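Reading through the structure tokens given below for one structure.
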Amino acid sequence: VLAVPVLFKKTLENMEMEEGKSVSLCCELTKADATVVWKKGEAMLQASAKYEMKQKGTVAELVIHNAEPEDA
């Protein structure tokens, strides 16, 4: 059985953020409930008070709370 690869239907877009506010980054996949890993450079982000990961169907979202310049 051939596995169909999961592709991005909608990729991340650059966003401007206000320091100290929350920012939401979303992407849309071709397959519902596919495993999504969020990274900053090579470091994998973990759910915490700062990083909130959500996924519903084909849409994956990363919310960065209390955004700082280092989050760019």
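The values are calculated or read from the model by the stated rules, or taken from the named source; none is laboratory data. Model, not experiment: these values are computed from the prediction. Positions of Cβ are backbone-derived with ideal geometry, glycine not excepted, and every protein chain shown enters the neighbour counts. Each accessible area value is taken on the protein alone, full model and side chains, heavy atoms only, with ligands, DNA and RNA left out. Shrake-Rupley method; radii C 1.70, N 1.55, O 1.52, S 1.80 Å.
For the reader, a short list of remarks on this structure follows.
- For Kirkwood radius over Cα pairs in Å, the value computed from the atomic coordinates appears in the list (i) 16.9; (ii) 15.9; (iii) 13.3 under label (iii).
- The GNM of the chain, with springs linking C-alpha atoms under 10 angstrom apart, assigns the highest mean-square fluctuation among Ala32, Ala43, Ala60 to Ala43.
- Modelled FRET efficiency - R0 35 Å, Val59 with Glu19, Cβ distances, 0.05 increments: 0.85
- Mean separation of Cα contacts under 8 Å (6+ apart) over length of the range 8-71, as relative contact order %: 40
- At a probe radius of 1.4 angstrom, the accessible area of the range 1-41 per residue rounds to 88 square angstrom.
- The figure for Glu52 is an accessible area of roughly 70 square angstrom, using a 1.4 Å probe on the protein chains alone.
- Exposure of Met44 as accessible area (Å², to 10), given a probe of 1.4 Å and all protein chains: 100
- Candidates Met44, Ser22, Asn66 compared by Cα position along the dipole of the range 8-71: farthest toward the positive end lies Met44, with charges placed on Cβ.
- Net lengthening on full extension, Ala34/Lys50 (0.36 nm per residue, minus Cα-Cα): 3.5 nm
- If you sort Thr35, Thr58, Thr11 by accessible surface, 1.4 Å probe, largest first, the order is Thr35, Thr11, Thr58.
- For the chain, the share of accessible area belonging to carbon and sulfur comes to 54 percent (1.4 Å probe, ligands and nucleic acids excluded).
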